[in-house]
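Read the structure below first, then the notes.
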Amino acid sequence: MIFLLADMVAWSAYAQKSVDKEVMLSKVKAVEGYVKEMRGYLHEHPEVSSEEYETTRFLQQEVAKMGLPVTRVEGTGFYAILDTHRPGRTVGLRTDIDALPIREHPENLTQRKKWLSKVDGVSHACGHDGHMAILLGAMKVLCELKDRIDGRVVFIFEEGEETGTGIDRMVRALEPLRIDAFYGNHLRSSMKTGEFFVHEGALMAGAGTVSFDVDGRGGHASRPDLSVNPIFAATEILNGIAVAWNNQRDVTKTLTLGISQIHGGTANNVIPNSVFIGGTIRFFDRGEGDRGFDILRRVATRVADAHNCTVRFRDDMGILLLPVVNDRALTALAREAISEIYPGKALTSDEHVWYAAETFSKYSSLAPSVFLFAGIGNDRLGSGAEHHNDRFDLDEESLPYAVGGMVWFAVKFLKATVSEP
């Protein structure tokens, strides 16, 4: 009888902590203005990778207002923990905080933008301003739900996602926390406001850096026979790689090569000593990514030798990031969460798999992870330009959707009782 009474008391206490989705959505609605305000301020004050000093200061002030302790990570990244002081699991919710060295165009695809960067030559042309605002909004809501959930929520503010400068330090800092799952989202211009893409398996590509020099022997352009011209060798290397790429890679696996740089020479009458070639490789299968670099190295070395040149592969040549691969169970949970609060908004078509790379892939070394896309495209408002474009803009009405998706995933993962109205 004593045990039965104790069980009934425990169950009653747990039932009182239940989180109703309508209550959650009402709280998301209540922070909508705050989220848009945060996005506007952050958009006007962008900072490039690893220089997010004022951004970090501003974000930490907002976190302090919510009463959460901040732990700084080497560099400009940091994290904050919402601890319910009740046993349970730990979920990590992540945002990136850096902007791009792109001068912003004052118009999007159809009209003048609502918010413009106040920093010349720097802008949030990828949506990280929105990501930060989403996480701040989710923090506010989850803090209000603290008495109804168990476990811990770790809010992660990652430095330098665009350049990969902060992720390794952040992963090392988070390792002692024993986080059970990571959740992140990326705003996506190719999807409409309110839409989510929840995809099991590889969602974003892995990336590798192409970076090498073709060395010859410089000299006077009037006597090319007395020099060893690396420009012709570099040209033939690129042609050789293009042919080998189409004939030696596995055609059933996606592998792309984007050569974006070739530099050599400074004067019309001087043959240079060397030529630099740079670019990236993108892949969804690690083995195929390795194969791509093997092809590139072999062709470059042998073609250069045929021209009496040599090749120097730089230290950054090779795989930089692995693909973002979503955990099966977390993907199912995320899709369920989105479908419950935004019926019909969880897209499943593979067309939204993205060839861009993301440092979020490295969190999976600590725990299972899931990454979602949230649409920001709105033809009427002119949002929908490609990411990393000076006309990039987002529909602010997309932000509350992403806040709701993040909060409801966290609530469900932490095993709060979900009750219908």
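The values are calculated or read from the model by the stated rules, or taken from the named source; none is laboratory data. What you are looking at is a predicted structure, and each value in this text was computed from that prediction instead of being measured. Methodologically, a virtual Cβ is constructed for each residue, glycine included, from the backbone with ideal geometry; neighbour enumeration extends over all protein chains shown. These accessible areas exclude ligands, DNA and RNA; they are computed on the full protein's heavy atoms, side chains included. Shrake-Rupley method; radii C 1.70, N 1.55, O 1.52, S 1.80 Å.
Worth pointing out:
- Accessible-area value, LEU59, 1.4 Å probe, nucleic acids and ligands omitted, Å²: 0 Å²
- Amide H contacts under 5 Å for LYS192: GLY377, restricted to partners 5 or more places along the chain or on a different chain, H placed in the peptide plane at 1.01 Å from N.
- In a fully extended conformation the segment linking GLU37 and LEU116 would gain 27.1 nm over its present Cα-Cα distance, using 0.36 nm per residue.
- From phi via Karplus (6.51, -1.76, 1.60), per-residue ³J(HN,Hα) for segment 80-89 in Hz, x at Gly/Pro: 9, 10, 9, 10, 7, 6, 10, x, x, 8
- Segment 287-317 and segment 363-387 have Cα centres separated by 35 Å.
- Residue-wise HN-Hα couplings along segment 265-275, as the Karplus relation 6.51 cos²θ - 1.76 cosθ + 1.60 with θ = phi - 60° gives them from phi, are x, 9, 8, 5, 10, 10, 7, x, 6, 8, 10 Hz; Gly and Pro carry x.
- Solvent-accessible area of THR76, all protein chains in place: 10 Å² (probe radius 1.4 Å, heavy atoms, ligands and nucleic acids excluded).
- Full-extension gain in nm, THR301 to THR254, via 0.36 nm per residue minus C-alpha separation: 14.5 nm
- At least 15 Å along the helix axis (C-alpha) and Kyte average at least -1.0, DSSP helices within the chain: 2-16, 53-65, 128-144, 230-248, 286-306, 328-341, 398-413
- Each Lys or Arg adds one and each Asp or Glu takes one away; over the other residues whose Cβ falls under 10 Å from the Cβ of ALA334, this sums to -1.
- The packing ranking, built from the mean of other Cβ atoms within 10 Å per residue, places the peptides 193-201, 403-411 in the order 403-411, 193-201, highest first.
- For segment 245-351: rounded, prolate or oblate by the Cα gyration tensor [a/c cutoff 1.5]: prolate
- Residues whose amide H lies under 5 Å from that of PHE212, counting only those 5 or more places away or on a different chain, are ILE277, ARG314; hydrogens are built 1.01 Å from N in the peptide plane.
- Contour minus Cα-Cα distance for HIS387 and ALA221 (0.36 nm per residue): 55.5 nm
- Based on DSSP H segments of at least four residues, each scored -39500 (n - 2.57), the chain has a per-residue ellipticity at 222 nm of -11500 deg cm²/dmol.
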